[in-house]
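Chemist: One structure, pasted below without further comment.
The values are calculated or read from the model by the stated rules, or taken from the named source; none is laboratory data. This is a predicted model, so every value here is computed, not measured. Cβ coordinates were reconstructed from backbone atoms using ideal geometry, including for glycine residues, and neighbour counts include every protein chain displayed. Remember, those area values only see protein heavy atoms, side chains included, never the ligands or the DNA or RNA. Shrake-Rupley method; radii C 1.70, N 1.55, O 1.52, S 1.80 Å.
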Amino acid sequence: WWHGNFDDREQLVTQLVPLLLVKSLDDNSEKNDVKRLYSIRSAIDLLDFEDESITSLKNHLLRTVGNPLFLQTSEGKKFIQHLFGVDKTLADELHKAVKVQLIGAKKSLLTAYADIYYGVWKLAIEQSGDESCDDEEDKTTTLQSIEEAIQDLVYHALHSANPSTVKQVKGILDKFYQNKKNPAV
């Protein structure tokens, strides 16, 4: 129904997104569950994140940054990248959730987060230069939001007294360093 662009497909969003999200966060979920959720990611843009009734859904969306299935699949990482551009407050909360996950994180987890942050930043840079994109405020907000998150990581890398925290944060920032020869970086 969603992919067919049928009339009143927006009416499904309030039930479809939570259903697929809960199914993909379940302990018995599979990669296909994440792929299904990723395929309807544009439906999330229709939700009002200012409304108080969305708190439960927002909490489930925040759980995606700590879910191994989302971090192991390309669709899962792209889904999280999409979430960073949906709403400024959601992006800030996602960043906080990622920082919580950094404590004792393995290299594979750091690599996944590095891919997510770099992907969001790169997409925001591309969109900020794209004249065909209609919503100028959204483009600026996403870029500003991800740059603030990256600056926060740099701040923590420079000011942390704990060497393991510095190592974890550097694991994420290393993706930017590896791509420093890229003109966009």
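Chemist: Which number in (1) open to solvent by 80 Å² or more (accessible area, probe 1.4 Å); (2) modelled with pLDDT of 90 or more; (3) of a type in the set (S, T, N, Q) marks the one condition that GLN11 misses?
Modeler: Result: GLN11 passes all but (2).
Chemist: On to the next question. What residue, among those in region 148-185 that are part of a loop (DSSP other than H, G, I, E, B) and either touching a Ser or Thr at 6+ places or on another chain (Cβ under 8 Å) or of a type in the set (D, E, K, R) (or both), is nearest to TRP121 (Cα to Cα)? Working first, answer last.
Modeler: Of region 148-185, the ones part of a loop (DSSP other than H, G, I, E, B) are 160-162, 179-185.
This time we only want the ones that are either touching a Ser or Thr at 6+ places or on another chain (Cβ under 8 Å) or of a type in the set (D, E, K, R) (or both), so: 180-181.
On the way: LYS180: 13, LYS181: 16 Å.
Filtering region 148-185 for residues that are part of a loop (DSSP other than H, G, I, E, B) and either touching a Ser or Thr at 6+ places or on another chain (Cβ under 8 Å) or of a type in the set (D, E, K, R) (or both), the one nearest to TRP121 (Cα to Cα) comes out as LYS180.
Every residue, every condition in (1) modelled with pLDDT of 90 or more; (2) under 17 Å from LEU21 (Cβ atoms); (3) more than 16 Å from the chain's Cα centre (by Cα), yes or no:
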| site | (1), (2), (3) |
| --- | --- |
| TYR38 | yes, yes, no |
| LEU69 | yes, yes, no |
| SER74 | yes, no, no |
| LYS77 | yes, yes, no |
| GLU126 | no, no, yes |
| ASP130 | no, no, yes |
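Chemist: Tally the residues that are of a type outside the set (Phe, Trp, Tyr), buried (at least 21 other Cβ atoms within 10 Å of the Cβ) and under 12 Å from ARG41 (Cβ atoms), restricting the search to region 84-112.
Modeler: Of the residues in region 84-112, 1 are of a type outside the set (Phe, Trp, Tyr), buried (at least 21 other Cβ atoms within 10 Å of the Cβ) and under 12 Å from ARG41 (Cβ atoms).
Chemist: Across region 132-148, which residue is modelled with the highest pLDDT among those that are open to solvent by 80 Å² or more (accessible area, probe 1.4 Å) and of a type in the set (S, T, N, Q)?
Modeler: The first filter runs over region 132-148 and keeps only residues open to solvent by 80 Å² or more (accessible area, probe 1.4 Å), leaving 132, 134, 136-138, 144.
Those left that are additionally of a type in the set (S, T, N, Q): 132, 144.
Values: SER132: 56, GLN144: 92.
Of everything passing the filter in region 132-148, GLN144 is modelled with the highest pLDDT.
Chemist: Would a scan of region 23-35 turn up a residue that is at pLDDT below 90 and either open to solvent by less than 80 Å² (accessible area, probe 1.4 Å) or under 22 Å from ASP92 (Cα atoms) (or both)? I'd like the intermediate steps shown before the answer.
Modeler: Just the residues of region 23-35 that are at pLDDT below 90, to begin with: none.
No, there is no match, as no residue in region 23-35 is at pLDDT below 90 and either open to solvent by less than 80 Å² (accessible area, probe 1.4 Å) or under 22 Å from ASP92 (Cα atoms) (or both).
Chemist: Right, here's the next one. Here is a list of conditions, (1) more than 14 Å from the chain's Cα centre (by Cα); (2) at pLDDT 95 or above; (3) charged (D, E, K, R), and ARG63 meets all of them except one; can you say which number that is?
Modeler: (1)
Chemist: Which of the following residues is part of a helix (DSSP H, G or I), of a type in the set (A, V, I, L, M, F, W, C) and open to solvent by less than 30 Å² (accessible area, probe 1.4 Å): PHE70, PHE49? Show your work before the answer.
Modeler: Working: PHE49 fails: part of a helix (DSSP H, G or I).
From the options PHE70, PHE49, the qualifying one is PHE70.
Chemist: Separate question: Looking at region 34-49, I want the residues that are closer than 16 Å to LYS77 by Cβ and have a partner that is at pLDDT below 90 and of a type in the set (Val, Ile, Thr) with Cβ atoms under 7 Å, at least 6 apart or on another chain. Which pairs are those?
Modeler: Final answer for the pair search is ILE44/VAL17.
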